[in-house]
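This report concerns only the one structure given below.
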């Protein structure tokens, strides 16, 4: 290998404003380049997916999380460890169905939209933080978990909170023990 | 009298932290997506794509500059402003100071970073030198944007001879 082993820098932190402002400028640029909100949303999701597939490696290396046994544990790790590590916030987790494969992350405060007061005019369908959905989806896919991740509520659209819905798509194989009578 | 570090004031205002890896990955993804070759190949094509990244960096630099405490905006000397970029801005953004600042005292400044954080994960040495400008475009724009908020119009270019070191050439445009 031509490059020396990667030495992790001691300081993992960066000015959050830089991240938030960069993200805002990126969304603004995408809005200039794409007329339809759906296209911007898709682009953000795609970029997030690319980030998530790589971020998960960094996360697993630095967080030393234990192996999860169900979707609920996984969702709690995303909320309590990953969000905390990368964005400094901890969303709360709710389970949305009895099959226990659909969950929500509820964010009272969304750091990425900190400087956004409202969506631009004519952009009412824009999912401003769709990058986050892509990141979660990409990260989960790299650990062999397919999931649909979308915004269910968005403060920027007038909802009380921001809610990200994660629906895990494949049920783990259930072995039903058959009792011999 | 040496001006108090502007970013000390920013910290007191409640400077929050995020993880640097997230920004690095976001930056890399932006380079990958927004530096697509222009459909019209030609010398203008690459320049346009670089400009998109620079203009995003410019907006961010302007906004970062606007978040500085008011006393910072009282800079009068060009050299003070460049020193501010090398020390305070670089520390605030990249957690390190610029390694050297040279000038011809006629409006041209060369800022050298021997270990630029956005290049460090890429390679060490001559590998990927040709790819490096894509990864510096955003930061060029950032410098330009911050200078713009501080009242200086500038042109910023970069050169890389060996990763992860790079030089930013800042030419202050006279009004």
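In plain terms, the residue of B:105, A:34 with the fewest other Cβ atoms within 10 Å comes first and the most crowded comes last, giving B:105, A:34. Each of A:98, B:148 has some number of other Cβ atoms within 10 Å of its Cβ, and from fewest to most they run A:98, B:148. Short-range pairs are left out: with C-alpha atoms under 8 Å and at least six residues apart, the relative contact order of chain A is 25 percent. Please label the shape of region A:71-181 as rounded, prolate or oblate, based on the square roots a ≥ b ≥ c of the eigenvalues of the alpha-carbon gyration tensor (a/c under 1.5 means rounded; beyond that, a/b larger than b/c means prolate, else oblate). It is prolate, given that a/c is not under 1.5 and a/b is the larger ratio.
Quick one: helix A:16-33 against the long Cα principal axis of chain A, what's the angle to the nearest 10°, folded into 0 to 90? Its long axis makes an angle of about 80 degrees.
The C-alpha atoms of chain A define a longest principal axis, and helix A:130-142 lies at about 30 degrees to it. Normalised by 2.2 N^0.38 Å, where N counts its residues, the alpha-carbon radius of gyration of region A:1-151 equals 1.12. A convex hull fitted around the alpha carbon atoms of region A:40-90 yields 92 Å³ per residue. Arranged from fewest to most other beta-carbon atoms within 10 Å of their beta carbon, A:124, A:104 become A:124, A:104. Work out the FRET efficiency for residue B:120 and residue B:171 from their Cβ-Cβ distance, taking R0 = 30 Å, and round it to the nearest 0.05. Computed FRET efficiency for residue B:120 and residue B:171: 0.65.
Any read-out appearing in this document is the output of simple, stated calculations on the displayed coordinates, not a laboratory observation. Fair warning: this is a prediction, and the values are worked out from it, not measured in the lab. Heads up, the Cβs are rebuilt from the backbone with ideal geometry, glycines too, and the neighbour counts pull from every protein chain shown.
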